[in-house]
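Here is the structure we will look at.
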Amino acid sequence: MALAPEEIDLTAFIDHSLLTPTATPEQVEQWCEEADRFNFAAVCVYPTYVRQAAEILHHKKPKVCTVIGFPTGATTSATKLYEAREAVENGATELDIVINLGWIKTQKTNELHREIAEICEETGQTVKAILETALLTDAEKKLAAEICMEAGVAFLKTNTGWYGGATVADVRLLKELTKERVGIKASGGIRTKEQAIELILAGATRLGTSRSLDLLRQGAEERR
């Protein structure tokens, strides 16, 4: 039975994201402390801050997530694999990997499958494939989703947030394609509680946002 909007606990869905290029160690510490305090699903930081986040969140509920090939996905497969391995060695247990969009546009399906499958196999961690749905046609979204699922990802993620945001239509499309075989992470431009709830009701099982506390405040204000 589907949850009613008022029954949804946003905290369990949130990847508390700090992906501004000007992020500082002090902000990473703040984000980790907030994630622990509110029991968010994960903190998502750049690879350079993974070790710090892992130390702060050691034995705590939130996972340490990082981004690979971010934000364009156009680095080489060897570079992505090295970046993923290093992130795991430093304590990351979730990897959000931007797929090579040029390979989708030119039907280089074998190359894309090989790249994602190798990272999944070599790291053994939770991999979320970032499709950057704002830049793909529906046919390309379907192709990318099928390849990434076959390669072993645990989640399909809509966007980086750099080129467009998550939409209810894209989440619904991914839910239809995945048939609940993998999770769906909606990310990019999530600014209101209403938007977050709509994405969850459409099928999102994770939300990537830097505005986590704003969403919780909006919910608290509604209950007053």
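The values are calculated or read from the model by the stated rules, or taken from the named source; none is laboratory data. Note that the coordinates shown come from a computational prediction; the quantities given were computed from them, not determined experimentally. Don't worry about glycine lacking a Cβ; one is built from the backbone with ideal geometry, like all the others, and counts go over all protein chains shown. Note: areas computed on protein heavy atoms with side chains; ligands, DNA, RNA excluded. Shrake-Rupley method; radii C 1.70, N 1.55, O 1.52, S 1.80 Å.
When the helices of the chain are scored as -39500 (n - 2.57) per DSSP H run of n ≥ 4 and the total is divided over every residue, the value at 222 nm lands at -13500 deg cm²/dmol. Structure note, pairs K108/K185; K157/K179; K60/K128; K61/K179; K60/K193; K128/K185: Cα-Cα distances above 19 angstrom occur for K108/K185; K60/K128; K61/K179; K60/K193.
Average accessible surface for the stretch 90-190: 40 Å² per residue, computed with a 1.4 Å probe over protein heavy atoms with every protein chain in place.
Partnerless cysteines in the chain, where a partner means another cysteine C-beta under 4.7 angstrom, comprise C32, C120, C148. Accessible surface of the stretch 35-114, 1.4 Å probe: 50 percent of it comes from carbon and sulfur atoms. Once C-alpha pairs closer than 8 Å and six or more residues apart are averaged by separation and normalised to the residue number of the chain, the relative contact order reads 17 percent.
Phi-derived couplings, Karplus 6.51 cos²θ - 1.76 cosθ + 1.60 at θ = phi - 60°, listed residue by residue for the stretch 163-169: 10, x, x, 5, 10, 4, 4 Hz, with x used for Gly and Pro.
When the Cα atoms of the stretch 86-193 are aligned to their principal axes, the ranges along those axes come out at 35, 34, 26 Å in descending order. Once the 1.4 Å probe is applied to the protein heavy atoms, the stretch 1-80 comes out at 51 Å² accessible per residue. Along each principal axis, taking the top coordinate minus the bottom one, the Cα set of the chain gives 53, 37, 30 Å in descending order.
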